[in-house]
Amino acid sequence: MARGNSRRGFTPDFDPDCGDTPLTCARQDIVIGRWQGLRELLRATGPDWPVRGHRIRLLAQACAGSSTVESWLAAEPHSGDALVLRAATETARAFNVAIAAGRGVSIDQRRVDTAVLSCLKAADAYPDDPTPWISLMSVARLYPRGVRRQELGRWWDELHGRDPYSVEGHLQVLHYYSARWHGTHGLMYDFARDAAGVAPPGCPLPVLVQYARVEEFRCALDAAKGQHAAMGLGQHWNSDGAVSDVRRTWERWIMGRTEQGVAPGELRDLNYLAHAASHARANDIAGALFRMLGPRATRAPWAYTGDPDKQFVKWRKDVGVRG
């Protein structure tokens with residue numbers, strides 16, 4: 001794929017691994033059924049929870065259609081890394097079945113139970129790791145009536161105690177509380193704003209509000225059966241509240257960052273904020289974010305409002321970023 005500047009002009013780079021080269025190598029191993037690359041990658045990652053979570057999430061998506069993680073477990077049945085990856089993989093498989101079945105169609109509860117049991121086993125095998133608890137918060141959505149409040153609260157306490165500022169963990173709870181799953185727009189926004197309010201400067205949790213706005217849009221799109229014109233959402237992206245949210249996230253997160261570069265694990269979050277800033281016509285913020293991103297793009301959330309390639313290029317140009 002052409003990246004950055006080319007003869008045709010600017011081309012976004014939708015690298016599915018977000019520029020994480022060791023992850024790309026490990027994912028190539030999955031294709032040939034070689035599990036040793038997964039072991040080496042996760043061993044090298046260690047307890048860097050944001051990086052580990054990013055890698056396991058993408059590895060699980062790749063492992064869902066193969067038996068590579070099962071081969072690893074057959075060779076090393078007590079490996080904490082293998083059990084954590086298997087839990088995330090079972091979660092990904094359950095979601096794949098749910099997606100194939102279609103919205104509103106319940107899947108076999110035994111498949112969901114299998115994923116939950118895998119998560120709990122992984123949590124026992126690697127007690128310090130928040131990742132199995134993130135998988136649990138994710139798979140909880142697939143129970144038709146959700147999970148009992150006490151049980152969900154216990155899972156959340158376990159996750160929060162291990163990684164209180166996990167964006168991915170908070171994001172799974174946000175989805176659970178959304179109107180498309182087991183909550184309401186109000187519950188979802190309350191959770192996002194509460195998390196943003198306690199985040200220290202430089203922490204990306206304030207971007208949860210932008211995730212919530214996309215989630216609300218997707219819910220409305222579902223209700224309108226994809227007909228944008230029938231949705232009545234003219235002010236959804238650029239109301240006073242939406243603009244204020246963008247500026248608040250910029251100030252709390254980006255202005256407080258000490259890192260100079262953009263890590264693979266935060267690329268999606270930055271794309272969500274750039275998308276929100278673009279649609280809110282906060283051109284100063286959007287321009288700065290596009291310059292931070294360069295050609296690095298993620299398909300979500302751009303794909304929810306049009307062709308992701310064209311969207312990224314259009315908004316980047318509209319806010320005055322060239323080259």
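The values are calculated or read from the model by the stated rules, or taken from the named source; none is laboratory data. Just so it is clear, the structure is predicted and the values come from calculations on it, not from any experiment. Glycine gets a Cβ as well: all are built from the backbone with ideal geometry, and neighbour counts include every protein chain shown. Heads up: the accessible areas ignore ligands, DNA and RNA and are worked out on the full protein's heavy atoms, side chains in. Shrake-Rupley method; radii C 1.70, N 1.55, O 1.52, S 1.80 Å.
To keep it simple, each residue is scored yes or no on (1) touching a helix residue (DSSP H, G or I) at 6+ places or on another chain (Cβ under 9 Å); (2) over 25 Å from Val97 (Cα atoms).
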| position | (1), (2) |
| --- | --- |
| Gly146 | yes, no |
| Glu151 | yes, no |
| Trp155 | yes, no |
| Leu159 | yes, yes |
| Ala179 | yes, no |
| Gly183 | yes, no |
| Pro200 | yes, yes |
| Ala212 | yes, no |
| Lys225 | no, no |
- Note on the structure: Among residues of segment 244-271 being open to solvent by less than 40 Å² (accessible area, probe 1.4 Å) and among the hydrophobic types (A, V, I, L, M, F, W, C), the residue nearest to Arg316 (Cα to Cα) is Leu270
- Hey, could you check segment 96-137 for residues that are among the small types (Gly, Ala, Ser) and at pLDDT below 95 and say which is surrounded by the most Cβ atoms within 10 Å (Cβ to Cβ)? Ala98
- Answer from Glu216, Glu158, Glu168 - the residue that is assigned to a helix (DSSP H, G or I) and within 21 Å of Ser278 (Cβ to Cβ): Glu216
- Out of Ala60, Ala26, sole residue that is in a helix (DSSP H, G or I) and farther than 26 Å from Pro295 by Cβ: Ala60
- Message: Can you confirm whether Trp72 is open to solvent by less than 30 Å² (accessible area, probe 1.4 Å), touching a residue at least 12 places away in the same chain (Cβ under 8 Å) and not acidic (Asp, Glu)?
- Response: yes
- For residues in segment 138-152 being touching a residue at least 12 places away in the same chain (Cβ under 8 Å), in a helix (DSSP H, G or I) and not polar (S, T, N, Q), which is surrounded by the fewest Cβ atoms within 10 Å (Cβ to Cβ)? Leu152
- Query: Pick from segment 153-170 the residues that are crowded, with 21+ Cβ neighbours inside 10 Å and of a type in the set (Asp, Glu): which of them is nearest to the chain's Cα centre (by Cα)?
  - Reply: Glu168
- Item | Count - residues of segment 235-269 that are touching a residue at least 60 places away in the same chain (Cβ under 8 Å) and in a helix (DSSP H, G or I) | 6
- Item | Count of residues meeting criterion [open to solvent by 30 Å² or more (accessible area, probe 1.4 Å), more than 17 Å from the chain's Cα centre (by Cα) and closer than 24 Å to Pro264 by Cβ] in segment 171-224 | 2
- Item | Count of segment 153-170 residues which are free of Cβ contacts under 8 Å to residues at least 24 places away in the same chain and over 18 Å from Gly265 (Cβ atoms) | 7
